Amino acid sequence: MPRLGITLQKAVAAAANVSRKEAGKLVIAGQVAVNGKTCKALAARVIAAQDQLQLRGAPPILAPAVPKMIVDVNEIDTAPLPRLWRYYKPAGLLTTHKDPEGRPTVFDSLPPSLPRVVSVGRLDMQTEGLLLLTDSGQFARMLELPDAKIERLYEVQLVTGSRGIDQQMLHEIEAGIVFADGTRLRKIDVRVVSQGERRATLTMRLREGKKREVRRIWEEHFGFRVRKLQRRAYGPFQIGLLDPGELKEVPPEEVRKMQAIARINLYRTKGDAQGKTNLPKHARRRKLGQEPATAQADQAEQGDGADEAWEHAGAGEREPPERRHAAAPAAN
């Protein structure tokens, strides 16, 4: 028999517009009441529009309806459109809303006029480059999921000493590394851009975001030192001409395209796992020639990843030739 409602942690995340991690902290700290009684159980279940939530002593509200991560693409045009920003995270900032040690964070550096936002994934303190910010925790989670097939493009500068990068290392990375602690990585596309006597520059394309995985590959697994690590793109969104600390909002039409692409890929992945096509109804009808296609849906169905659908679309400034030499030729 299916369980009713959703977990308290999910409901609080939706009601307070915070990440699930932050929502969990609120619950555990006893700052959430359900129907007038404090509840510290993350897995407690509440029913939308029936149970009442009270956060930090504020007036009670009805538990919100939290949509499943995979929903009908027909709903894209009727659901509130999330806002999305490209931000150049400088090295030296933590990607967290609050640090117990008082170290500087990304969110401390944002303009006060910006609404409350969450990051799409994280970059560690010494990693710089493109960080996407959004006002929707659900949208952020959608873009983070490996099954959404959204690539992250990184540029890595290594101090290699006398060893250098060999072909066997590249093959191991492309096959999927297993660390000594048993952590298994998905395959990664890696390309050597340049290699000198003691240094090397590479680009890496990832479709998941395990903690510090790029640094762990080169420092822990191969024994090199990462001199600089920069994320240059996330899906079709590029760092472009942003300066460190600069923030720029993504146009709504590009957000809508990205939303559609991610949902289509999540549908396909779920359908493949079940051994059947699981595309939304109107996408299946178009494949059968029963419904005229729209430009937006056509773009979403061009390929399995965001790269193909955005081959001719701009998502941020394109980099001038002098800044492209160290990056892979296609947008990630």
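The values are calculated or read from the model by the stated rules, or taken from the named source; none is laboratory data. Treat the numbers as computed from the prediction; the structure is a model and nothing was measured. Methodologically, a virtual Cβ is constructed for each residue, glycine included, from the backbone with ideal geometry; neighbour enumeration extends over all protein chains shown. Accessible surface areas use protein heavy atoms only, side chains included; no ligands, DNA or RNA. Shrake-Rupley method; radii C 1.70, N 1.55, O 1.52, S 1.80 Å.
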Query - Some residue of segment 138-146 being buried (at least 16 other Cβ atoms within 10 Å of the Cβ) and either at positive phi or over 25 Å from the mean Cα position of the chain (by Cα) (or both) - result: no
Query raised in the report: Is it the case that K228 is among the basic types (K, R) and under 28 Å from M142 (Cα atoms)?
Result: no
**Report entry** Residue under evaluation G240, criteria (1) modelled with pLDDT of 85 or more; (2) open to solvent by 70 Å² or more (accessible area, probe 1.4 Å); (3) in contact with a Gly (Cβ under 6 Å, 6 or more places away or on another chain), criterion not met
**Finding:** (2)
**Report entry** Count of residues meeting criterion [modelled with pLDDT under 95 and either assigned to a helix (DSSP H, G or I) or of a type in the set (S, T, N, Q) (or both)] in segment 221-237
**Finding:** 1
Report task. Taking the residues in segment 32-66 that are in a loop (DSSP other than H, G, I, E, B) and among the β-branched types (V, I, T) as candidates, determine which candidate is most open to solvent (accessible area, probe 1.4 Å). Result -> I47
Report task. Filter segment 120-150 down to residues that are farther than 20 Å from L81 by Cα and of a type in the set (S, T, Y), then give me how many there are. Result -> 1
Query - Selection from segment 1-31 of residues that are touching a Lys or Arg at 6+ places or on another chain (Cβ under 8 Å) and not in a loop (DSSP other than H, G, I, E, B) - result: I6, T7, L8, Q9, K10, A13, R20, A23, L26, V27, I28
Requested in this report: Can you give me the number of residues within segment 248-258 that are touching a Leu at 6+ places or on another chain (Cβ under 9 Å) and open to solvent by 50 Å² or more (accessible area, probe 1.4 Å)?
Outcome: 4
Requested in this report: Report the residue count in segment 192-213 for those that are open to solvent by less than 10 Å² (accessible area, probe 1.4 Å) and aliphatic (A, V, I, L, M).
Outcome: 4
Requested in this report: All but one of (1) open to solvent by less than 30 Å² (accessible area, probe 1.4 Å); (2) charged (D, E, K, R); (3) in contact with a Lys or Arg (Cβ under 9 Å, 6 or more places away or on another chain) hold for K149, so report the exception by its number.
Outcome: (1)
